[in-house]
Every structure is written in C-alpha cells, then in structure tokens.
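The structure appears below as structure tokens.
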Amino acid sequence: MILSDDDGQTLVKTARLAVTEYLKEGRKIELPKEIKSRFSYKSGVFVTLNKKEDLRGCIGFPTPDKILHQSLLDAAIASSTEDPRFPPVRFEELNDITFEVTILTPPVEIRVNNPTEYPKMIKIGRDGLIIKWELGAGLLLPQVPVEYGWNEEEFLGHTCEKAGAPFDYWKQKSTKILKFEGIVFKETEPNGQIKRLEL
C-alpha cells in the first residue's frame, strides 16, 4: 500500500471536512469523484482527534471490509460523536482539535509455539496490535506505544487491558494476537500543516 504525502493531505482534510459539515449541518458530505476514485480500495482506517495533548475521540475499522473513502467518512464522524469515552465534540471545539488519520494494512495473526515469543515478533513504531480473548477484543494503533514509551511487553499488556483482559493475559495460550502496520498522517496544529508521522 503506497500512500503519497499528497494522499495524506487529502485524507486528513476530508476527515476534518466530514466532521465540520456533520456537526454544523447534521449530514454527511458528498465526496468529489476524484477522491472516490483515488480511495476506492478496501482498507482499515482510524481517525483520531486530539485536543491539545489529550485524546478527544478515536474510532475506526481495523479490517479492510469497506471501501476506504466510505470508511474514512464513517470513522471521522463516529470519532467525533460516538466514542463512548467522551461527550460528543461540539462544533465550537473544532478549532482546538487536531485530526489524525491512520491507514491500516490487513491484520495478520502472530503464530508462536510459546506465548513468551510474542515480544520478539513485534516491532515498536511499526506494528499495531489486536488482542482477542474469550470476552472480547482490543486494538492499539502503532503510534500509541511510541507516544507512551512502552516496550513490547508493556504494549502487549496495555492492549490486553484495552480488550478488557488482565494485563498479562497475552501469556495465555487461548489468546489470539494479530499485528498490522499503519501509515499515519496528522495535522501539526488545528487546521495546520499535515505531516506523515515517522514512528
């Protein structure tokens, strides 16, 4: 999956436009044909909203089930209105919020003979994780352990907690662990320059 910096600009600007229009008018924007054709392949995507240094919303689709231009709009609107951890974003807040879009490669299960091998199979700054266990699943994007300075074992532990499992549940044989890579584009400030994040 090759995405140019120009693609990144378009994706982030489109996410911001979708949220702005939705919060202001209560409707989904109609995308121009060129954007639809440019992003007409299936891909996982997450949209993250940050207010100053704090998370304000993050929702997305880990698996490539939908066409990217559709899932981008859905993820952008959901991250601003449906993240259960936060009240819905208000239109007046948008000038204080930075937008970030992560495009995901399809998740691949990590296969090991012994769970102690998992940390060796993960690269911080490249991989995101999905953990599935008996009672649910959780996902953390590749940029998260970099932001918090975690090592591989901490990354596994925090992904378990995101899934509602105990911190060291990745050591259970029944736990499934998948990894994926993400290409991240982010505004440097609200409505500002858009950069590719080098993890």
- Query: Hey, among K173, K195, K186, K162, which residue is assigned by TED's automatic domain parsing to the domain that holds E134, under 19 Å from the mean Cα position of the chain (by Cα) and charged (D, E, K, R)?
  - Reply: K162
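Among the residues of region 74-114, which ones are part of a helix (DSSP H, G or I) and either in contact with a strand residue (DSSP E or B) (Cβ under 6 Å, 6 or more places away or on another chain) or surrounded by fewer than 18 Cβ atoms within 10 Å (Cβ to Cβ) (or both)?
Of all residues in region 74-114, those part of a helix (DSSP H, G or I) come to 74-81, 91-96.
The answer is A75, A76, A78, S79, S80, T81, F91, E92, E93, N95, D96.
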- Cβ-Cβ below 6 Å, separation at least six or inter-chain, first residue in region 81-93 and within 17 Å of R27 (Cα to Cα), second modelled with pLDDT of 95 or more and in a loop (DSSP other than H, G, I, E, B): which pairs? T81/P88
- Answer from T48, T63, T14 - the residue that is assigned to a strand (DSSP E or B) and either within 16 Å of the chain's Cα centre (by Cα) or under 21 Å from P106 (Cβ atoms) (or both): T48
- Message: Given the condition of a type outside the set (K, R) and under 15 Å from the mean Cα position of the chain (by Cα), answer yes or no: does some residue in region 108-121 qualify?
- Response: no
- Working carefully through the options S71, S37, find the one that is of a type in the set (G, A, S), assigned to a helix (DSSP H, G or I) and either modelled with pLDDT under 95 or surrounded by fewer than 17 Cβ atoms within 10 Å (Cβ to Cβ) (or both). S37
- Residue selected from region 169-193 under the condition β-branched (V, I, T) and over 18 Å from L104 (Cα atoms), by the criterion surrounded by the most Cβ atoms within 10 Å (Cβ to Cβ): T175
- Run L129 past the list (1) surrounded by fewer than 21 Cβ atoms within 10 Å (Cβ to Cβ); (2) touching a strand residue (DSSP E or B) at 6+ places or on another chain (Cβ under 6 Å) and report the number of the one that doesn't hold. (1)
- Task: Please enumerate the residues belonging to region 123-176 that are β-branched (V, I, T) and farther than 13 Å from L199 by Cβ.
- Result: I130, I131, T159, T175
- Tell me which of these I131 doesn't satisfy, since it passes every other one: (1) not in a strand (DSSP E or B); (2) not assigned by TED's automatic domain parsing to the domain that holds E53. (1)
- Task: Give T48, T102, T63 a once-over and let me know the one that is at pLDDT below 95 and not basic (K, R).
- Result: T63
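Does K162 meet the test of being farther than 22 Å from K51 by Cβ and surrounded by fewer than 18 Cβ atoms within 10 Å (Cβ to Cβ)? Working first, answer last.
Details: farther than 22 Å from K51 by Cβ: no; surrounded by fewer than 18 Cβ atoms within 10 Å (Cβ to Cβ): yes.
Answer is no for this residue.
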- Query: What are the residues in region 141-155 that are under 17 Å from the mean Cα position of the chain (by Cα) and either in a helix (DSSP H, G or I) or surrounded by fewer than 22 Cβ atoms within 10 Å (Cβ to Cβ) (or both), if any?
  - Reply: Q143, V144, P145, V146, E147, Y148, F155
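Among the candidates T14, T63, T10, which residue alone is over 15 Å from E93 (Cβ atoms), touching a strand residue (DSSP E or B) at 6+ places or on another chain (Cβ under 8 Å) and β-branched (V, I, T)? Spell out the reasoning first.
Details: T14 fails: touching a strand residue (DSSP E or B) at 6+ places or on another chain (Cβ under 8 Å); T10 fails: touching a strand residue (DSSP E or B) at 6+ places or on another chain (Cβ under 8 Å).
Exactly one residue qualifies, and that residue is T63.
The values are calculated or read from the model by the stated rules, or taken from the named source; none is laboratory data. This one's a predicted model, so the numbers in the text were calculated from it and none came from an experiment. Counting neighbours? That spans all protein chains shown, and the Cβs are built from the backbone with ideal geometry, glycine included.
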